[in-house]
Amino acid sequence: MELTNINTVKELLTKNGFTFSKSLGQNFLINPSVCPRIAEMGGCRKGTAAIEIGTGIGVLTKELALRCDKVVAVEIDERLKPILAETLAEYDNTEIVFADVLKTDLNALIKEKLREYKEIYICANLPYYITSPVIMKLLEERLPIKAITVMVQKEAADRLCAGVGTRESGAVTVAVNYYSTPQLLFKVSRGSFMPSPNVDSAVIRMDISSEPKYNVSDEKLFFRIVRAAFEQRRKQILNPLSGALGTEKSKLSKILAECGIKPTARAEELSMEDFAALCDRISGK
Ligand code: SAM
């Protein structure tokens, strides 16, 4: 079945009485070149396994199944069950778990279903309403995976792949760079989806670091500092940091100076090393 053919898709959905849920971010891919590229550039090949988040009607699932030995997908919408039973009938290396990915223990899922695979890749066309929480979950849970390749809104892709210390950077940029090495792979126009969203998209890949890239003594404190600094991103960091950490401004000014950071600096001007040094000084290590 050609899952990027508009007429085939319309027929399939009508037959199953399926209507798109805007609140679940259901924009299905109908551009035939996109899913094969995500699967290939995402690392899928013989001997590997893939995890997908949000199957829709299985257009990407099928491409992952064609290349990987096993695919496990997490999809929240049980109305897609009969549709997927039909579209993935011939791909017996796929397994769909109907659940909310944000409430799923992915480490347990990997242990249970993908234990024998040394190389696991996450590939997805993410629902836009939960892009950041999903990416943060995938990174923070330290899953035994090689890379995450996801389609996100173009603006989100720009922020995720921006260099730390640039105007486009945000707290999520620091987090992504802490756990991985991100890169923008390619852009996808809004016309590639059904229904068509009113924004363009881009596919990014984050290669997970096997060893910590930065020496951070207290990870929790590190991310508290990053979040506080970016909360008022155009403001000098002294005030928001002093408020969030409960440290007197004079003491904080001294710490900033010891780290070689100007008291007038804004979060977007700080490097990963600056944030790490700040964390070490504040924690007293
Ligand atoms: N992969 C398909 C494609 O490319 O056409 C569908 C992508 S669509 C942008 C996002 C999918 O994620 C939808 O199928 C939606 O039902 C599912 N989804 C939304 N929220 C979810 C959640 N919290 N957990 C798992 N799946 C979710």
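Using unit Cβ charges (K, R positive; D, E negative) and no other charged atoms, how large, in debye to the nearest 20, is the dipole of the chain about its Cα centre?
The dipole of the chain has a size of about 780 debye.
Over all distinct Cα pairs, what is the inverse of the mean 1/r for the chain, reported as the Kirkwood hydrodynamic radius in Å?
The Cα-based Kirkwood calculation yields 20.3 Å.
For the chain, what % of the accessible area comes from carbon and sulfur atoms, probe 1.4 Å?
With neighbouring chains kept in place, the figure for the chain is 48 percent.
For segment 155-247, which GluC sites (Glu not before Pro) are in a loop by DSSP, counting at most 16 other Cβ atoms within 10 Å?
Qualifying residues, ordered by number: Glu168.
Are there any helices in the chain, counted as whole DSSP H runs, that stretch 15 Å or more along their axis by Cα and score at least -1.0 on average by Kyte-Doolittle, and if so which?
Those that clear 15 Å and a mean of -1.0 are 219-231, 272-283.
Taking segment 98-189, which chymotrypsin sites (Phe, Trp or Tyr not before Pro) meet the DSSP loop condition and have no more than 11 other C-beta atoms within 10 Å?
Here no chymotrypsin sites (Phe, Trp or Tyr not before Pro) fit, given the DSSP loop and packing criteria.
Got the relative contact order for the chain handy, in percent, Cα pairs under 8 Å and 6 or more residues apart?
Once normalised by length, the contact order is 15 percent.
Tell me the per residue accessible area of the chain using a 1.4 Å probe; a whole number in Å² is fine.
With all protein chains present, the chain gives 47 Å² per residue.
Looking at this model, which pairs from Lys46/Lys111; Lys146/Lys235; Lys22/Lys213; Lys154/Lys220; Lys111/Lys154 are more than 31 angstrom apart at the alpha-carbon?
Over 31 Å apart, Cα to Cα: Lys146/Lys235; Lys22/Lys213; Lys111/Lys154.
From the square roots a ≥ b ≥ c of the eigenvalues of the alpha-carbon gyration tensor of segment 144-193, which class results: rounded (a/c under 1.5), prolate (a/b over b/c), or oblate?
Oblate, since a/c reaches 1.5 and b/c is not below a/b.
In whole percent, what relative contact order does segment 53-194 give with Cα contacts below 8 Å and a gap of six or more residues?
So the answer I get is 19 percent.
Sum -39500 (n - 2.57) across every DSSP H segment of at least 4 residues in the chain, then divide by the residue count to get the 222 nm mean residue ellipticity, nearest 500.
Theoretical 222 nm ellipticity from helices: -11000 deg cm²/dmol.
Please give the Cα centre distance for segment 74-88 versus segment 103-158, rounded to the nearest Å.
The distance from the Cα centre of segment 74-88 to that of segment 103-158 comes to 20 Å.
The values are calculated or read from the model by the stated rules, or taken from the named source; none is laboratory data. Note that the coordinates shown come from a computational prediction; the quantities given were computed from them, not determined experimentally. All Cβ positions, glycine included, derive from the backbone under ideal geometry; neighbour counts span all protein chains shown. To get the accessible areas, we keep the full protein, side chains included, count just its heavy atoms, and leave off ligands, DNA and RNA. Shrake-Rupley method; radii C 1.70, N 1.55, O 1.52, S 1.80 Å.
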